[in-house]
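Data block below; observations after.
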Amino acid sequence: MAQKIIAGVTVDVNEEGYFTNPAQWTKELAAEVAREEGIQLTDKHYAILDFLRERHSKGEALTIRSVGNSGIIDIKGFYGLFPGAPMKKAAKVAGIPKPASCV
Amino acid sequence: MHRCASPLSKTMNMANEEFPLKKVCIICAKGTIEDVYAALVMSNGAVMEGIETKMFFTFFGLDAITKKTMNCLHTGTVGNPAMRMPGGLPFPTLLGVIPGVEAGVSSMMRSQMDKLDIPPVKEFLEMIEAGGGEVYACKLAMDMFKLKKDDLWEGVKEVLTVGQFYEKCGGLQTQIIFT
């Protein structure tokens, strides 16, 4: 399994840089991963990351619609916070696997 | 049989990495649930990948962006050999002609999709729009069905001729997809 040193901490990741062990995730690591993606994390970002991590821990599908219905942010805002590919980027920063959902 | 790393597949992988898809233009010409959702899922998926996305609705596909019809699309219960009963048995075509069956099957399909977090048509279009995707309507088909811009969902960006749509489809790493 691949490993990567992020902010001085060794983390297990896959070949695309997604955490393979969500338990290794911390807020500090998230900030560093986000920086690599060109994103400066705000409280709003962290609220979304918490939401995604919670859904993942419950085994629920990560869909963009669920983020839009989370009450944290609407979908347009989500695209604004994680520009380009929001679900993939947010999952990467949240330390969870790449979303396997098509919606 | 799976063959590893043939010279051809290596070249193709390099091409995929060097020339990722940048833009998709997706055309929807039919108005059944499955045809419309194929276009919507492909488009929303593209937007979520950061791919520039343009949708073009024409002929019966216009039902998907017409206010009156967009949230009550049907699937055909007649002449569809892939149609199955809930248990998996074939769905007799003769059953499909009974009044109300098509509506029932269609609403069952919509509720199944809702369980998978697949939104209704209007909400799906709004999601695509929120991510920067653009939705266009075909002028010729609108003339044919006597539809006006006001009849369409507010998010439709423009009514275009085929030529105008092609003008928007230019650029390297662009694909036109007909669902």
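The values are calculated or read from the model by the stated rules, or taken from the named source; none is laboratory data. Quick caveat, the model's predicted, so the values are computed rather than measured. Cβ coordinates were reconstructed from backbone atoms using ideal geometry, including for glycine residues, and neighbour counts include every protein chain displayed. Keep in mind that these areas ignore ligands, DNA and RNA; they rest on the heavy atoms of the full protein, side chains included. Shrake-Rupley method; radii C 1.70, N 1.55, O 1.52, S 1.80 Å.
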Subset of the stretch B:47-68 that is under 25 Å from A:Y79 (Cβ atoms) and under 14 Å from the mean Cα position of the chain (by Cα) - its residue that is farthest from the other protein chains (Cβ to nearest Cβ):
B:F56
Only one of (1) assigned to a helix (DSSP H, G or I); (2) open to solvent by 20 Å² or more (accessible area, probe 1.4 Å) does not apply to A:L49, and that is (2)
Would a scan of the stretch B:58-69 turn up a residue that is assigned by TED's automatic domain parsing to the domain that holds B:L160, of a type in the set (D, E, K, R), within 29 Å of B:D151 (Cα to Cα) and open to solvent by less than 70 Å² (accessible area, probe 1.4 Å)?
yes
Going through (1) under 22 Å from A:A90 (Cβ atoms); (2) in contact (Cβ under 8 Å) with a residue 12 or more places away in the chain; (3) open to solvent by 20 Å² or more (accessible area, probe 1.4 Å) one by one, B:D35 fails only at (1)
Identify all residues within the stretch B:110-121 that are surrounded by fewer than 16 Cβ atoms within 10 Å (Cβ to Cβ) and more than 12 Å from chain A (Cβ to nearest Cβ); write none if there are none.
B:S111, B:Q112
Would a scan of the stretch B:95-110 turn up a residue that is in contact (Cβ under 8 Å) with a residue 24 or more places away in the chain, farther than 23 Å from B:Y166 by Cα and acidic (D, E)?
yes
Given (1) within 17 Å of the chain's Cα centre (by Cα); (2) open to solvent by less than 30 Å² (accessible area, probe 1.4 Å), where does B:T77 come up short, assuming only one miss?
(1)
Take the stretch B:60-94 and flag every residue that is in contact (Cβ under 8 Å) with a residue 24 or more places away in the chain and among the polar types (S, T, N, Q).
B:T66, B:T69, B:N71, B:T75, B:T77
Tell me which residues, restricted to the stretch B:128-159, are without any contact (Cβ under 8 Å) to a residue 12 or more places away in the chain and crowded, with 18+ Cβ neighbours inside 10 Å.
B:A130
Please verify whether A:A91 is more than 9 Å from every other protein chain (Cβ to nearest Cβ), part of a helix (DSSP H, G or I) and over 9 Å from the mean Cα position of the chain (by Cα), treating the condition exactly as stated.
no
Checklist (1) closer than 16 Å to B:V121 by Cβ; (2) at pLDDT 95 or above applied to B:N71, failing item
(2)
For the stretch A:53-88, how many residues are of a type in the set (A, V, I, L, M), open to solvent by less than 40 Å² (accessible area, probe 1.4 Å) and at the interface with chain B (Cβ under 9 Å from one of its Cβ atoms)?
4
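Say whether the condition of being more than 25 Å from B:E123 (Cα to Cα), touching a residue at least 12 places away in the same chain (Cβ under 8 Å) and of a type in the set (A, V, I, L, M) is met by at least one residue in the stretch A:56-73.
To start, the set of residues in the stretch A:56-73 that are more than 25 Å from B:E123 (Cα to Cα) comprises A:57-58.
Remaining after also requiring touching a residue at least 12 places away in the same chain (Cβ under 8 Å): A:57.
Within this subset, residues satisfying the condition of being of a type in the set (A, V, I, L, M) are none.
Checked against the condition, which is being more than 25 Å from B:E123 (Cα to Cα), touching a residue at least 12 places away in the same chain (Cβ under 8 Å) and of a type in the set (A, V, I, L, M), the stretch A:56-73 yields no hits at all.
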For the structure I just gave you, tell me whether A:A100 is within 14 Å of chain B (Cβ to nearest Cβ) and open to solvent by 20 Å² or more (accessible area, probe 1.4 Å).
yes
For the stretch B:7-29, what are the residues that are in contact (Cβ under 8 Å) with a residue 40 or more places away in the chain and open to solvent by 40 Å² or more (accessible area, probe 1.4 Å)?
B:F19, B:P20, B:L21, B:K22
